[in-house]
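Quick notes on the structure that follows.
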Amino acid sequence: MIEITNLDKYYGSHHVLKDINLTIGQGEVVVIIGPSGSGKSTLLRCMNYLEPIQSGQISIENQPIGMIEQNGKHKEMPENQLNKMREKVGMVFQNFNLFPHLSVRENITLSPLTLGKMNKKTANETASTLLAKVGLSDRADAYPDQLSGGQKQRVAIARALAMKPHVMLFDEPTSALDPELIGEVLDAMKELAREGMTMVVVTHEMGFAKDMADRVVVMDQGQIIEVDKPDVIFQNPSQERTKTFLHKVLTHT
Amino acid sequence: MTLDFGILLQDENLPLLLQGLWVTIRMTFLALILSCFIGLVIGLGSMSKYKWISSLCATYLAWFRGTPLLVQLMLLYYGLAISLNIDLTASLAGVLGLGMYSGAYVSEIVRGAIQSIDRGQMEAGRSLGLSHWQTMFKVILPQAIRRMLPPLANEFIALTKNSSLLSVITVAELMRAANTIVADNYKYFEIYLTIAVFYFVVNYGISVLIRLLERKLNVEGVRS
Ligand SMILES: Nc1ncnc2c1ncn2[C@@H]1O[C@H](COP(=O)(O)OP(=O)(O)OP(=O)(O)O)[C@@H](O)[C@H]1O
Ligand SMILES: [Mg+2]
């Protein structure tokens with residue numbers, strides 16, 4: 001489904017991702033954890049090429065995203081091709097990034113309508129279905145500013161789903177939320193996971209990782225230091241750094 | 001000194017001034033549209049990832065902001081006609097001159113407003129499969145326009161005031177009408193005070209209109 005090979009990423013001279021290799025299967029839920037600054041967000045953002053990469057390759061459903069080989073040369077793919085690839089990859093951000101000038105319904109229908117994926121009627125029906133799914137049927141005509149953080153994030157999930165993505169990426173979807181609102185967003189994500197959506201989730205919610213992850217990826221200093229099933233990672237990790245990190249997180253929350 | 005505003009009613013003076021006012025309004029309005037168009041193009045261009053486009057836009061800005069409007073008008077109207085045989089009518093030269101000059105300032109307003117929008121908005125649009133320009137026009141600009149309105153009001157008011165310079169290139173606008181009248185009757189104070197009030201009313205109208213527009217846009221969504 002997603003295949004990352006020998007990925008390197010620099011910000012200027014700062015080497016933030018070092019030789020990342022990771023394969024994510026269809027329907028798999030992968031949770032990425034690791035200390036702040038370890039490169040979790042950057043890795044996630046490379047998966048839909050919001051961040052350009054310097055070497056290596058990322059492909060989604062066997063098609064490269066971002067960089068392509070042409071005449072033996074590595075180069076950036078044309079914008080329209082990149083946009084097509086991104087339609088397959090939904091993304092949910094830490095601070096929601098809803099469009100504040102559009103109503104909830106319009107937030108959801110903007111992309112399908114603009115890209116001619118649906119006519120107005122189907123788009124509105126899709127929006128209603130998705131809003132019902134995230135428990136916000138009554139807020140279709142509200143504007144983002146009128147919603148709580150948890151509601152905003154659920155709208156953001158619905159907005160991403162409207163493009164019928166094959167993969168969903170979540171970058172700390174609950175980190176900006178008040179504690180009592182975290183549950184409603186996690187529930188929406190669990191629902192999605194149960195339906196078989198392929199998901200890559202960066203989170204500090206270890207409960208979610210334990211319950212929902214098929215595999216947990218541990219990152220430190222730009223590297224993947226360990227990948228395993230959640231019970232192995234949480235009970236018997238092979239890396240000392242994983243233990244240290246988990247000890248810190250679990251005793252602080 | 002006695003003031004004699006009765007002078008307005010003599011010799012067709014008032015109709016002459018009103019005619020001038022109408023020309024001023026028309027020229028300003030056309031220049032304003034041109035300046036918005038140029039401002040948008042230059043503003044967007046200045047953020048282009050293509051170096052040659054952004055430097056071209058930077059040069060435009062530097063030139064039109066760095067030289068006096070009066071000199072630009074002279075170049076356009078007399079300069080082009082005499083050395084290049086491009087004979088623009090005074091009104092055309094006037095609208096072009098004002099529009100290009102003000103467009104430089106509008107481009108900075110456009111750029112500033114766009115850059116003030118959180119970059120997460122562009123990322124959200126792109127992650128949904130929208131292109132850069134689709135996101136720009138559907139997501140970024142609608143939000144940026146709200147932020148442009150207050151500085152645009154200033155710019156449009158400046159534009160109206162600057163239109164008085166068109167008198168120098170023979171456009172029969174308000175200032176020139178006043179000049180013609182005082183040349184006849186020497187009632188400087190009455191006539192110039194009258195046109196000052198006219199300019200003031202036009203500019204007051206602009207600021208009220210923009211404030212209404214701001215309020216309307218704010219009701220339709222963002223309060224942030
Ligand atoms: N736009 C940027 N320009 C320069 N350096 C950056 C940029 N974004 C991130 N970095 C650096 O890259 C490294 C990885 O950052 P990243 O945001 O991926 O970490 P993270 O694991 O998501 O951390 P957190 O848990 O705090 O979100 C950090 O050292 C960070 O300072
Ligand atoms: Mg992060």
* To do: Rank A:Ser148, A:Met168, A:Leu136 by how far each Cα sits towards the positive end of the charge dipole of the stretch A:122-253 (+1 on Lys, Arg Cβ; -1 on Asp, Glu Cβ) and give me just the farthest.
  => A:Met168
* To do: From zero up to wherever the largest Cα-Cα distance of the stretch B:39-109 sits, split into 5 Å bins and tell me the percent of pairs in each.
  => 3, 19, 22, 18, 17, 13, 6, 1
* Asked: Label B:Trp63 and A:Glu76 with points 7 Å out from Cα along Cα→Cβ: what is the distance between them in nm?
  -> 2.9 nm
* To do: Please work out the Kirkwood hydrodynamic radius for the stretch A:165-214, using every pair of different C-alpha atoms, and report it in angstroms with one decimal place.
  => 11.2 Å
* First obtain the Kirkwood hydrodynamic radius of the stretch B:147-224 from its Cα pairs, then insert it into the Stokes-Einstein equation at 37 °C and 0.692 mPa s, and state the resulting D in µm² per second as a whole number. => 228 µm²/s
* **Loop-located trypsin sites (Lys or Arg not before Pro) in the stretch B:133-224, at most 12 other Cβ atoms within 10 Å (DSSP)** => B:Arg223
* Given the convex hull of the Cα atoms of the stretch A:115-176, what is a quarter of its surface area in nm²? -> 4.8 nm²
* To do: May I ask for the equivalent-ellipsoid semi-axes of chain B, computed as the square root of five times each C-alpha gyration tensor eigenvalue and listed largest first in whole Å?
  => 39, 23, 11
* Quickly work out the A:Asn21-to-B:Leu92 label distance, labels modelled 7 Å from Cα along the C-beta direction, and quote it in nm with one decimal. => 7.0 nm
* Mind giving me the nanometre distance, one decimal, between the label points for B:Ala196 and A:Ser175, set 7 Å out from Cα along Cα→Cβ? => 6.0 nm
* **For the stretch A:1-132, convex hull of alpha carbons as volume per residue, Å³** => 154 Å³
* Report the relative contact order of chain A, percent, no decimals, based on alpha-carbon pairs under 8 angstrom and at least 6 residues apart. => 26 percent
* **Sparsely packed GluC sites (Glu not before Pro) within the stretch A:188-226, loop by DSSP, other Cβ within 10 Å at most 11** => A:Glu195
* Other protein chain Cβ atoms within 10 Å, averaged over every residue that makes up A:98-107 -> 5
* Over all Cα pairs of the stretch B:140-192, how is the pair count split among 5 Å bins, expressed in % and running from 0 up to the last occupied bin? -> 4, 18, 17, 15, 13, 9, 8, 8, 4, 3, 1, 0
* Asked: Using a Förster distance of 56 Å, how high is the FRET efficiency between A:Asp141 and B:Thr170, based on the Cβ-Cβ distance and rounded to 0.05?
  -> 0.50
* To do: Which order do the peptides A:119-131, B:115-127 take when ranked by the mean count of other beta-carbon atoms within 10 Å per residue, highest first?
  => B:115-127, A:119-131
* Structure fact -> Rounded to a whole number, the mean other protein chain Cβ count within 10 angstrom for residues of B:129-139 is 6
* Structure fact -> Honestly the protein assembly as shown on the Cα gyration tensor test (a ≥ b ≥ c root eigenvalues; a/c under 1.5 rounded, otherwise a/b vs b/c for prolate or oblate) is just prolate
* Structure fact -> Taking only protein heavy atoms and a 1.4 Å probe, the highest-to-lowest accessible-area order of A:Ile32, B:Ile109 is B:Ile109, A:Ile32
* Excluding residues fewer than 8 places away in the same chain, name every one of the lysines whose C-alpha is closer than 20 Å to that of B:Lys51. => A:Lys75
* Report the normalised scattering of the stretch B:1-88 as log10 I(q)/I(0) at q = 0.10, 0.13, 0.26 Å⁻¹, calculated by the Debye formula with identical scatterers on the alpha carbons. => -0.49, -0.71, -1.18
* Asked: How high is the relative contact order of chain B, in percent, with contacts defined as C-alpha pairs under 8 Å that are six or more residues apart?
  -> 28 percent
* Could you order A:Cys46, B:Cys36 by accessible surface area, starting with the largest, using a probe radius of 1.4 Å? => B:Cys36, A:Cys46
* To do: Only Cα pairs under 8 Å and at least 6 apart count here; give the relative contact order of the stretch A:80-198 as a rounded whole percent.
  => 39 percent
* To do: Mind checking which of B:Tyr186, B:Leu213, B:Pro142 is farthest towards the positive end of the stretch B:100-221's charge dipole, using Cβ charges of +1 (Lys, Arg) and -1 (Asp, Glu) about the Cα centre?
  => B:Pro142
* Asked: How big is the gap, in Å, between the Cα center of the stretch A:100-171 and the Cα center of the stretch B:58-105?
  -> 49 Å
* Structure fact -> Row for chain A, column shape: gyration tensor on C-alpha, a ≥ b ≥ c, rounded if a/c < 1.5 i.e. under 1.5, prolate if a/b over b/c, else oblate; value oblate
* Counting other Cβ atoms within 10 Å of each Cβ, which chymotrypsin sites (Phe, Trp or Tyr not before Pro) in the stretch B:34-125 have at most 10 and sit in a DSSP loop? -> B:Tyr50
* Asked: Just counting partner chain Cβ atoms within 10 Å, what average do the residues of peptide B:113-121 show around their Cβ?
  -> 2
* To do: Of all alpha-carbon pairs in the stretch A:76-163, indicate the percentage at a distance above 20 angstrom.
  => 31 percent
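The values are calculated or read from the model by the stated rules, or taken from the named source; none is laboratory data. Just so you know, these numbers come straight off a predicted model, no measurement behind them. All Cβ positions, even for glycine, are placed from backbone atoms using ideal geometry, and neighbour counts span all protein chains on display. Each accessible area value is taken on the protein alone, full model and side chains, heavy atoms only, with ligands, DNA and RNA left out. Shrake-Rupley method; radii C 1.70, N 1.55, O 1.52, S 1.80 Å.
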